[in-house]
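Encoded as structure tokens, the structure appears first; notes follow it.
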Amino acid sequence: MANSISLRADVIVVGSGPGGATLAREMARGGKKVLLLERGIDHRPRSYYGTYLGALIYSDRMSLLFTREGLNIVRPLMVGGATSMYCGCAAPPPGWFKDKYGIDISLEVSQTIEELAIAPLPAELRGEASTRIAQAGQALGYDWQPQLKFMRPGRGKQFDCGAKCMLGCRCGAKWSAAEYVDDAVRMGAELRTGTRVERVLYQDGHVIGVQGRLKDQYFLAQAETVVLAAGGIGTPRILQASGFRDAGVGMTMDVTVMVYGFVKERGIGNEPPMTWSWENPSDGYMLSTLIDPWLLYPIINALKGLKYAFYWPKWNNILGVMIKLKDDVSGGVFPNGTISKPLTKNDRPRLKAAEEVCHKILIEAGVDPSTIFMTPLRGTHPSGTVRIGRMLDQNLQTEVEGLYVCDASTFPEALDRPTVLTIIGLAKRLSKHLLHAS
Ligand SMILES: Cc1cc2nc3c(=O)[nH]c(=O)nc-3n(C[C@H](O)[C@H](O)[C@H](O)COP(=O)(O)OP(=O)(O)OC[C@H]3O[C@@H](n4cnc5c(N)ncnc54)[C@H](O)[C@@H]3O)c2cc1C
């Protein structure tokens, strides 16, 4: 066995996505000795950050992570978690979070909106193709609205957001959770990167710490409070290895597809993602404007069939509408390393109905109907694997005292909207609870 390292803190936070970063920052601000353990490293200073090469380097299995059913999952593993590759969209939590589960984070969310100046992009930066889609939707009676963004064009030297924005923000306009990590470190938190937590340790019903690997060494870290924020896949895996049999049983994904069609004009492909959206809560889906980055487009569409990959030269003539489905809890993250996310009988007809609406909108926007097609399924919101009400109480505590979960895995059902603002709200609420209790 390699040398073993011993660490100690008041609070251990595992994972530095929006859940872990926010919690580490708030607990450090509250005077706690915080140890933040992150499996990935900080790729932001590297020259490849925000490039296609970078996206391969920092996403799990070089972006080739698939469920048993063939759904592709994008899972960034680095400081800042998935916000290093997100679209920068923000949405307040759905009403059911409070009404059905008794969790009110409205104050934390409105404070975050103010603090990070969350707002839609100015009209002239929302993109010509995207605005055309939104106007077509509005003409058909669907209430498309400018999408709230964690983006401030004035923060960057030169706003340069296009489809490539999802590879990682190079112009600096987009906020990421890594900035909260920086704040936490400035306030005294200890950040250990390249540190993979394998198990939680507990004794007599109370948490005592975590153990895992720090580069090529084993480590043991002790604390009376441990918060798992390793994301919708990472957190259930740690819990499974720690003896929690229900972890990872069932998951949600906000299953996503793109519906594409082609127009004659060139030069409208490269626009910021998701600048306009329409929510359809009664049928359980959300539509938004988005086109895959140039180099990812043929790879993703080759999964559907070579014919679709060969449309690549027409990338700049695409109009794209993204569907996010409020999928049922199904499948799960399994101890043998596999993931399953089947669509249910309830999911399929709703996805079909959403696709039909996309067809109508694209045709209204001037697309040649014979060119319309839907991409294979994918998922960027693995969540709902350690659900509130099933494995967690309203304070996000597990059955083990002092062991909490604060990330997308807590969602009791599919959020069907951008997740990050809700996760930040949950983390701010949990940190108040922990600081108050100590
Ligand atoms: C391409 C893409 C676009 C998206 N667009 C949006 C958007 O516009 N708006 C929005 O709100 N959401 C968006 N999302 C989703 C959003 O980014 C995630 O839902 C959110 O980041 C989840 O936060 P989290 O705290 O649960 O975990 P994550 O952000 O997944 O962070 C978990 C962290 O834990 C680390 N970790 C995992 N296992 C371990 C371990 N064993 N030990 C130590 N560390 C570990 C990981 O490396 C990672 O850094 C997008 C996601 C993707 C991939």
Under the Debye formula (equal points on every Cα, no solvent term), log10 I(q)/I(0) of the chain at q = 0.13 Å⁻¹: -1.13
Treating only the Cβ of Lys, Arg, Asp and Glu as charged (+1, +1, -1, -1), what charge dipole size does the stretch 1-123 show about its Cα centre? Round to the nearest 20 debye. 420
Environment charge of residue 254, counting only residues whose C-beta is closer than 13 Å and scoring Lys/Arg +1, Asp/Glu -1: 0
If I model a spin label at residue 245 and residue 47 as a point 7 Å from the Cα along the Cα→Cβ vector, what separation in nanometres do I get? 5.4
Quick check on the chain: helices-only [θ] at 222 nm, where DSSP H runs of length 4 and up contribute -39,500 (n - 2.57) each and the sum goes over total residues. Nearest 500, please. -7500 deg cm²/dmol
State the antiparallel share, in %, of DSSP beta bridges confined to the chain, rounding to the nearest 5. 65
Karplus ³J(HN,Hα) for the stretch 290-296 (6.51 cos²θ - 1.76 cosθ + 1.60, θ = phi - 60°; Hz, whole; x = Gly/Pro) runs 6, 10, 4, x, 3, 6, 7
Tell me the relative contact order for the chain as a rounded percent, counting alpha carbon contacts under 8 Å between residues six or more apart. 24
With a 1.4 angstrom probe the carbon and sulfur portion of accessible area for the chain, in percent, totals 53
Determine the shape class of the stretch 303-364: with a ≥ b ≥ c the square roots of the Cα gyration tensor eigenvalues, call it rounded for a/c under 1.5, and otherwise prolate if a/b is greater than b/c, oblate otherwise. oblate
Just report the Cα centroid separation between the stretch 45-62 and the stretch 357-427, whole Å. 24
Nitroxide proxy distance, nm - points 7 Å out along Cα→Cβ at residue 142 and residue 160: 3.3
Which residues does the label zone of residue 340 cover in the stretch 232-269, counting backbone N under 20 Å from a point 7 Å along Cα→Cβ? 232-241, 244-256
How far apart, in nm, are the 7 Å Cα→Cβ label points at residue 199 and residue 179? 4.0
Shape of the stretch 326-399 from its Cα gyration tensor (a ≥ b ≥ c, root eigenvalues): rounded if a/c is under 1.5, otherwise prolate when a/b > b/c, or oblate? prolate
List the GluC sites (Glu not before Pro) in the stretch 182-288 that DSSP assigns to loop (not H, G, I, E or B) and whose Cβ has at most 16 other Cβ atoms within 10 Å. Which are they? 224, 265
Assuming R0 = 35 Å, what is the FRET efficiency of residue 282 and residue 314, from their Cβ-Cβ distance, to the nearest 0.05? 0.50
Please list, in order along the stretch 211-227, the HN-Hα scalar couplings obtained from phi with the Karplus expression 6.51 cos²θ - 1.76 cosθ + 1.60 (θ = phi - 60°), rounded to whole Hz, x for Gly and Pro. 9, x, 10, 10, 6, 9, 10, 7, 9, 10, 10, 10, 6, 8, 10, 10, 10
Per-residue HN-Hα couplings for the stretch 360-367 [Karplus 6.51, -1.76, 1.60; θ = phi - 60°; Hz; x = Gly/Pro]: 4, 5, 5, 5, 4, 7, x, 6
Against the longest alpha carbon principal axis of the chain, how many degrees, from 0 to 90 and to the nearest 10, is the axis of helix 420-437 turned? 20
Trypsin sites (Lys or Arg not before Pro) restricted to the stretch 315-361 and DSSP loop, no more than 11 other C-beta within 10 Å: 345
Subtract the Cα-Cα distance of residue 437 and residue 98 from 0.36 nm times their separation in residues, and report this length gain in nm to one decimal. 119.8 nm
Any chance you could look up the accessible area of residue 106 with a 1.4 Å probe, heavy atoms only, rounded to 10 Å²? 70
What is the local net charge at residue 53, summed over the other residues whose Cβ is closer than 15 Å to its Cβ (Lys, Arg +1; Asp, Glu -1)? +4
Considering only lysines 8 or more places apart in sequence, or on different chains, count the pairs in the stretch 302-376 whose C-alpha atoms sit under 20 Å apart. 13
Would you mind calculating the gained length between residue 360 and residue 119 on full extension (0.36 nm times residue separation, minus the Cα-Cα distance), in nm to one decimal? 83.9 nm
If you place +1 on the Cβ of every Lys and Arg and -1 on the Cβ of every Asp and Glu, how big does the dipole about the Cα centre of the stretch 297-438 come out, in debye to the nearest 20? 260
Using only Cα atoms, locate the centre of the stretch 114-131 and the centre of the stretch 242-305, then give the distance between them in Å, rounded to an integer. 19
Can you give the charge dipole size of the chain about its Cα centre, rounded to the nearest 20 debye, using +1 on the beta carbon of Lys and Arg and -1 on the beta carbon of Asp and Glu? 940
Kindly report the accessible area of the chain per residue (heavy atoms of protein chains, probe 1.4 Å, no ligands, DNA or RNA), in Å². 40
Under the rule a/c < 1.5 gives rounded, and otherwise a/b versus b/c splits prolate from oblate, where does the stretch 1-106 land using the Cα gyration tensor? oblate
Cut-off 15 Å, label point 7 angstrom out along Cα-to-Cβ of residue 303: give me the residues of the stretch 41-62 whose amide nitrogen falls inside. 56, 59-62
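The values are calculated or read from the model by the stated rules, or taken from the named source; none is laboratory data. On a predicted model such as this, the values are computed, not experimentally measured, just so you know. Positions of Cβ are generated from backbone atoms using ideal geometry, with glycine treated the same way; all protein chains shown enter the neighbour counts. Note: accessible area is taken over every heavy atom of the protein model, side chains too, but ligands, DNA and RNA are not part of it. Shrake-Rupley method; radii C 1.70, N 1.55, O 1.52, S 1.80 Å.
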